Amino acid sequence: ESSQKGIVNPFKNPESIFSVNARKGSHLVALRRLQRDQKDKSKEAVEIAGTSLGDVLGVKDNGNHVKETVEASNEQTALLDSREEIQRVRECLPAFKVKSKLVQTIRENQVTIVIGETGSGKTTQLAQYLYEAGFCAGHKLIGCTQPRRVAAMSVAKRVALEMNVDLGKQVGYSIRFEDETSTETRIKFMTDGILLREALLDETLDRYGCIILDEAHERSLNTDVMLGLLKQLLSRRRDLKVIVTSATMNAAKFSTFFGSAPQFSIPGRTFPVQTIYSKFPVEDYVESSVMQAVRIHASTNFDSGDILIFMTGQEDVESTSEAIKERLTEIYSKSKGITNFDEIDDVEIFTVYSALPGDVQNRIFQRLENGKRKIVVATNIAETSLTIDGIRYVIDCGYSKLKVYNPKIGLDSLMITPISQANANQRSGRAGRTAPGTAYRLYTEDTLHEDMYIQTIPEIQRTNLSNTVLLLKSLGVEQIIQFPFVDPPPIQTLLVSLNELFSIGALDNMGNLTELGMMMSKFPLQPSLSKVLLISAKNGCSEEMVTIVSMLSVPQVFYRPKERQKESDTARSRFFVPESDHLTFCNVYSQWKCSRYSHRWCSKHFVHYKSLQRAKEIREQLIKIMKKNRIQVVSSGTDWDVLRKCICSGYAHQAAKTSGLGKYCHLKTGMDIQLHPTSALYGLGEMPPYVVYHELLMTTKEYICCVTAVNPFWLIEFGGLLYDVRKIGGTHTDHADVEAFDPEEDRELDIKLKEIKEARNRMI
Ligand code: CDP
Ligand code: MG
């Protein structure tokens, strides 16, 4: 694959046992998911019961709100007791000791690189110091970016608490589709993506007096782009302070990038950590870490320190936590006659991952009562973004989930891949924050050297860049290659992205932004979805399309408890619009709307209430953006064919045609794919000959999910650049639509196709 050239393989040593086990890991994840589904049924039942009660009582957003109020009031009392304690803790942080020197360095320089061990107070203290030192003068904001939503949110909460203000007032946060700030806000935590989007509206970022690019060493794509933008902005905004914070790695690189900006090191305070490697390769890292955790818990005093386990993703995290609970319950049942994990009073288990930014409990950061032991199971969020004190044992599985470009499908996907040596060191370091600790690495020492890169590959060198290129173009960067990147993206990736944007009409044949592309960049959505939305406005069906797009932006709409599979499948099938899963979503939403957004309606129809609620919020925000940009919100009434055509306009590059035997074949890559069994199109008497899909799911087979049947002419119309028009025309002689085939139209298409091809050649 030519598109692969230039992209760095995330596997340093793809054939090693360690790498092979990473792939095995993905299968085990799928297997455990099945097993867990089975257990979830009881939980779901409880949820359903709770839900209906809330509905009867007329409580808005039931469980959630109730829970939040309870938590808030608990926090309030804790807060009164602990104001002084909070102050004391703040003053114990390494950053506090160098506060005045740090503030002075920032005052004297336009750019400062701040280096410090995790937990030294960079994220929570720096913004406060600047605020106290008057850097908000003239109603300017102090912005602090985070690569992760969870971090942005939980850090804002923490800082609001430390400053004794309500979250959303002086201290707020903003993540995609969620803005907790107000006119009073002076310190704003946000994802790096949000700041990028703000730069789109206000090139010079005038609202900000200081910008802290936090966690820059993570080298997330958006932070990297932001670094370049800020570099360009410095001369126009002499008054702007830029602070780049980094763990020790990469610091020199950032300093050089900003013309030898001063590096300010916060003297660390860490304790020695003993590293213990596995003697043999580990086949199932979930199983091994469970065993290790249980072993530590059973063999050490339970108040001798907490345990932190690094897993790859949400699913492993949950499996690990469940398995530890089971194992401990088993052990305690023998010694203490306990039957249920909740009865165990010397240990509590927490999980942390990014799917649920709102659900990170404050409790996780607190010392537990009676010296109870914490076992925290986390993704690499806990590597540097979140610091949990009191950890003395770390278990490191050696992998993480990484977004990588998959040349086989031409898209990014999340893959379990080996971590880098830098990650491994960060992970181990977590064990020595408050006292000497031990890190158990579930891999051999040879693995560390042979199968792990020294540093993680920056995201910009391993993922698709269409979004980024579109954004840079909208920011007026004409020559992407000349943009000041810390590390340049591979030329090949840039070309693929330019081509992709051209093929969906966001760029013209000279590589300039088209009007469509300009409008697309206004939405915080992937280009295909913003296109679909814009085209639908032109075709009078944006009211429905904005619903579909919102539904596609939330996790899991339907639920399917194992015990009640049949029942839930039947419930789901009642919503089916036979030719389209996209329209099925639209159908679900409008029926929910008819129920006046009822909670009970959701439980009855096996639909996740939380997801729909979220979709509703996203929908409102998208409509706001549409109105602001004078994009019509109009309904197509009962005409749903026009919706399918609009869907096709954004997905022409993700199309497939039937290949016989109940299978599809990817139109662009020729790959064999199958319809996912949950699709509304599955089990129809006749398979629609052409479809577009939203998502490709790779497990043991390749499945397409969220699928819509399309007319092949639409594919030619919207994907002319991608496909050989003859091939589509050819297969489709034996298709009934041929009647509609107009030779005049054919000639027109031909001319159009030629033009497009020429343009492409000029461009590349
Ligand atoms: O950014 P850096 O890694 O240097 O440290 P930080 O995140 O500012 O953490 C400083 C301290 O605040 C640590 O001791 C954390 O445990 C604590 N913290 C907390 O108690 N609650 C949070 N939500 C975040 C941090
Ligand atoms: Mg930090």
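The values are calculated or read from the model by the stated rules, or taken from the named source; none is laboratory data. Remember, predicted model here, so these are calculated numbers, not experimental data. Cβ atoms come from the backbone with ideal geometry, glycine included; neighbour counts cover every protein chain shown.
Do the conditions hold for His599, that is, is it touching a residue at least 12 places away in the same chain (Cβ under 8 Å), surrounded by fewer than 21 Cβ atoms within 10 Å (Cβ to Cβ) and either in contact with a strand residue (DSSP E or B) (Cβ under 6 Å, 6 or more places away or on another chain) or over 30 Å from Glu717 (Cα atoms) (or both)? Steps first, please.
Details: touching a residue at least 12 places away in the same chain (Cβ under 8 Å): yes; surrounded by fewer than 21 Cβ atoms within 10 Å (Cβ to Cβ): no; either in contact with a strand residue (DSSP E or B) (Cβ under 6 Å, 6 or more places away or on another chain) or over 30 Å from Glu717 (Cα atoms) (or both): yes.
Answer is no for this residue.
Could you list, in sequence order, the residues of region 501-551 that are among the acidic types (Asp, Glu) and surrounded by 23 or more Cβ atoms within 10 Å (Cβ to Cβ)?
First pass over region 501-551, keeping only residues among the acidic types (Asp, Glu): 508, 515, 543-544.
Answer for region 501-551, where residues must be among the acidic types (Asp, Glu) and surrounded by 23 or more Cβ atoms within 10 Å (Cβ to Cβ): just Glu544.
Note down all Cβ pairs under 7 Å where the first residue falls in region 627-648 and is farther than 21 Å from Ala709 by Cα, the second is part of a loop (DSSP other than H, G, I, E, B) and basic (Lys, Arg), and they're at least six residues apart or on different chains.
The qualifying pairs are Asn629/Lys522.
Specify the residue that is nearest to ligand 1 (Cβ to nearest atom); the eligible residues are those in region 121-148 that are under 26 Å from Thr270 (Cα atoms) and of a type in the set (D, E, K, R). Spell out how you get there, then give the answer.
Of region 121-148, the ones under 26 Å from Thr270 (Cα atoms) are 121-130, 144-148.
Next cut, of a type in the set (D, E, K, R) only: 122, 148.
Numbers: Lys122: 3, Arg148: 12 Å.
Filtering first and then ranking leaves Lys122.
Give region 152-173 a look and list any residue that's among the basic types (Lys, Arg), without any contact (Cβ under 8 Å) to a residue 24 or more places away in the chain and within 16 Å of ligand 2 (Cβ to nearest atom), or say none. Full working, then the answer.
If we filter region 152-173 for residues that are among the basic types (Lys, Arg), which is where we start, we get 157-158, 169.
The next check asks that each one be without any contact (Cβ under 8 Å) to a residue 24 or more places away in the chain; those that pass are 169.
Matches in region 152-173: none.
Which of the residues spanning region 107-125 are more than 9 Å from ligand 2 (Cβ to nearest atom), of a type outside the set (D, E, K, R) and under 29 Å from Ile381 (Cα atoms)?
From region 107-125, those more than 9 Å from ligand 2 (Cβ to nearest atom) are 107-115, 117, 125; that's our starting set.
Still in the running and of a type outside the set (D, E, K, R): 109-115, 125.
Within region 107-125, Val111, Thr112, Ile113, Val114, Ile115, Gln125 meet the criteria.
Assess whether Thr678 counts as being at pLDDT below 90, farther than 22 Å from Leu525 by Cβ, among the hydroxyl-bearing types (Ser, Thr, Tyr) and in contact with a Phe, Trp or Tyr (Cβ under 9 Å, 6 or more places away or on another chain).
On the way: at pLDDT below 90: yes; farther than 22 Å from Leu525 by Cβ: yes; among the hydroxyl-bearing types (Ser, Thr, Tyr): yes; in contact with a Phe, Trp or Tyr (Cβ under 9 Å, 6 or more places away or on another chain): yes.
Taking the combined requirement at face value, the residue satisfies it.
Taking region 506-555 as the search range and keeping residues that are of a type in the set (Asp, Glu) and not in a loop (DSSP other than H, G, I, E, B), which one is farthest from Ile647 (Cα to Cα)?
First, the residues of region 506-555 that are of a type in the set (Asp, Glu): 508, 515, 543-544.
If we keep only those that are not in a loop (DSSP other than H, G, I, E, B) as well, we get 515, 543-544.
On the way: Glu515: 19, Glu543: 13, Glu544: 11 Å.
Step by step, filter region 506-555, then rank; the result is Glu515.
Answer with yes or no whether Asp239 is within 16 Å of ligand 2 (Cβ to nearest atom) and over 26 Å from Lys628 (Cβ atoms). Walk me through it before giving the result.
Working: within 16 Å of ligand 2 (Cβ to nearest atom): no; over 26 Å from Lys628 (Cβ atoms): yes.
Spelling it out, it is not the case that Asp239 is within 16 Å of ligand 2 (Cβ to nearest atom) and over 26 Å from Lys628 (Cβ atoms).
Name the residue, out of Arg176, Arg207, Arg149, that is touching a Pro at 6+ places or on another chain (Cβ under 7 Å) and away from ligand 2 (no atom under 16 Å from the Cβ). Show your work before the answer.
Details: Arg207 fails: touching a Pro at 6+ places or on another chain (Cβ under 7 Å); Arg149 fails: away from ligand 2 (no atom under 16 Å from the Cβ).
One residue alone meets the criteria, Arg176.
If I filter region 382-404 down to residues being within 22 Å of Thr123 (Cα to Cα) and surrounded by fewer than 22 Cβ atoms within 10 Å (Cβ to Cβ), which single residue comes out as farthest from ligand 2 (Cβ to nearest atom)?
Among those residues, the one meeting the criterion is Gly390.
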